[in-house]
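Remarks on the structure that follows.
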Amino acid sequence: MWVESMTVHDYQTLIDRGWRRSGRYCYKPIMNEICCPQYTIRCNVLNFKISKSHKKIIKKMNRFMNDGILHKSPVPNENEHYHEDIPIIIKERPDVDFDYASLGNSLNEVSKSLDVSQAPSCSNAIDIDLDKGKLKTNKRDVDKITEAINEAETADITDSISTSPVKKGLGADPNKPPCKKAKLLRLEKKQQKLREKGLNLMKTTAINQEKSLEQFLYDLPENCRDKLQIKLVNLNNGEDASYHSDIEFEIYNKYQTIIHNDPPEKCSKPAFLRFLVDTPLKPEKWTNNDNIGFGSFHQQYWLDEKLIAVGVIDILPKCVSSVYFFYDPDYRSLTLGTYGSLSEIGFTRRLYQSVPSITYYYMGFYIHSCPKMRYKGRLVPSDLLCPETYKWFPITDCIPKLEQSKYCRFETDPKAEDEDACSASDIDQIKIWVSTGYVKFHSYSLRNRERKTYQNIGKQIGKKCVGTFVFIRPRH
């Protein structure tokens with residue numbers, strides 16, 4: 001659908017039925033027909049659990065703001081593989097056709113043949129080749145290795161191997177205290193010092209308490225070399241959006257051509273505006289005193305005076321919906337894509353304090369067969385939308401099914417159906433624009449010829465939107 005205007009409540013209903021928007025263009029995949037089914041995914045921000053990898057990414061960004069040192073990833077060439085989120089370069093020799101499958105089979109065969117009990121001596125079990133160019137070492141190391149081999153050849157290794165059975169272990173010694181982690185031992189040692197000084201004991205619960213996402217994101221030293229400022233730009237404010245569009249377009253053009261290898265002619269300014277600036281959502285303030293409300297926004301990531309990334313989001317009644325995220329490729333080593341997702345989760349949690357109904361972060365589509373999409377499932381806890389009943393199910397329950405089949409009905413009850421499905425009377429109430437006004441479908445002159453089309457429309461958008469949308473019949 002090409003949408004001229006739509007309320008945020010209607011769009012919330014649509015994305016809860018598998019729809020997404022690209023500018024004013026709204027679309028929904030035909031799940032049981034496409035090769036790679038796209039499941040709507042959302043994360044519960046109130047129960048979000050930050051992982052070790054997420055902490056590393058935030059700490060890396062914080063270290064950069066503190067010391068200003070950016071370890072740039074080299075630009076990959078035809079003989080290198082590059083993963084966008086993890087800056088690891090794997091270089092191959094251009095003159096060698098390397099077969100990784102054969103290497104794995106060879107290693108398995110070698111591991112089977114290395115049976116120590118059958119080796120008569122170390123000199124036969126170990127084959128060391130010191131030909132020039134095959135092993136880089138110095139003369140001292142060569143002398144040590146040669147001396148060790150000579151000693152092994154003169155010793156009867158087999159006589160020193162004990163043939164007696166291994167004694168059964170007696171377990172832990174009950175007379176000794178149980179082993180403790182080094183962290184706990186350091187804590188007890190510190191507590192003992194405090195006792196000796198007559199001070200109060202530290203509370204272990206406070207020390208061992210897990211830091212929150214906000215503490216990782218926002219608790220930074222005051223003397224940081226660089227400051228990261230996230231500015232919210234309202235896309236419904238034409239003057240504000242137009243002011244920043246030129247700066248954003250430069251980064252977008254650079255991002256698309258370098259990261260996604262798009263041809264430069266494809267990245268035009270009008271295409272950028274249609275894709276990421278135009279929006280059909282009508283803004284809605286929470287109160288008259290609020291400067292923020294529901295609608296479409298850009299989150300600009302400014303590092304001092306330099307714009308390094310932009311997140312395109314929709315703030316809806318129940319969630320923050322991520323539309324797109326792009327960044328300056330010069331800062332790709334900071335893993336800005338994942339950092340942006342974590343920042344948007346933190347932003348959603350702050351919005352919850354003002355609007356308690358906003359409890360989810362929508363990440364668009366999840367494609368289980370696409371490795372680049374797997375990072376979305378690592379934002380815990382996340383849910384996937386059932387493509388038939390439009391109910392939400394934990395992704396941990398859905399993944400085993402997706403491993404068996406690309407298209408899945410997550411609802412286990414075979415009798416469960418779409419609760420927002422349209423009836424025949426609902427279809428008759430669909431509004432169709434003709435000439436200078438609209439008529440309802442039951443009065444539409446072409447209803448018999450086009451009933452199947454509008455029945456499909458009602459099936460896709462649901463009963464709630466059928467009562468509020470006005471459809472413009474395309475001219476032929």
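What follows is calculated from the coordinates using simple rules that are stated; it is not laboratory data. Just so it is clear, the structure is predicted and the values come from calculations on it, not from any experiment. Cβ atoms come from the backbone with ideal geometry, glycine included; neighbour counts cover every protein chain shown.
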Mean Cβ neighbour count within 10 Å, used as a protection proxy, ranking 261-268, 368-375, 339-346 highest first: 339-346, 368-375, 261-268
My understanding is that a pair violates if its Cα-Cα distance is over 26 Å; which of Lys56/Lys318; Lys60/Lys372; Lys55/Lys183; Lys56/Lys406; Lys231/Lys282; Lys282/Lys318 do that in this structure? Lys56/Lys318; Lys56/Lys406
Report the gain in length on full extension from Lys431 to Lys60: 0.36 nm times residue separation, minus Cα-Cα distance, nm rounded to one decimal. 128.2 nm
Post the alpha-carbon centroid distance, the range 1-75 to the range 404-449, in whole angstrom. 28
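Rounded, prolate or oblate for the range 363-440? Axes are the square roots of the Cα gyration tensor eigenvalues, ordered a ≥ b ≥ c, and the cut-off for rounded is a/c under 1.5.
Values: a/c = 3.40, a/b = 2.02, b/c = 1.68.
Cα axes put the range 363-440 in the prolate bin.
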What FRET efficiency would be calculated for the residue pair Ser369, Ile30, taking the C-beta separation as r and a Förster radius of 22 Å, to the nearest 0.05? 0.85
Extension gain Ser5-Lys189, at 0.36 nm per residue separation less the Cα-Cα distance, in nm? 59.7 nm
Rounded if a/c is under 1.5, else prolate if a/b is larger than b/c, else oblate: which is the range 420-476, with a ≥ b ≥ c the root eigenvalues of its Cα gyration tensor? prolate
Specify which residue in the list His442, Ile430, Ile472 is farthest towards the positive end of the charge dipole of the range 420-476, using unit charges on the beta carbon of Lys, Arg (+1) and Asp, Glu (-1), about the Cα centre. Ile472
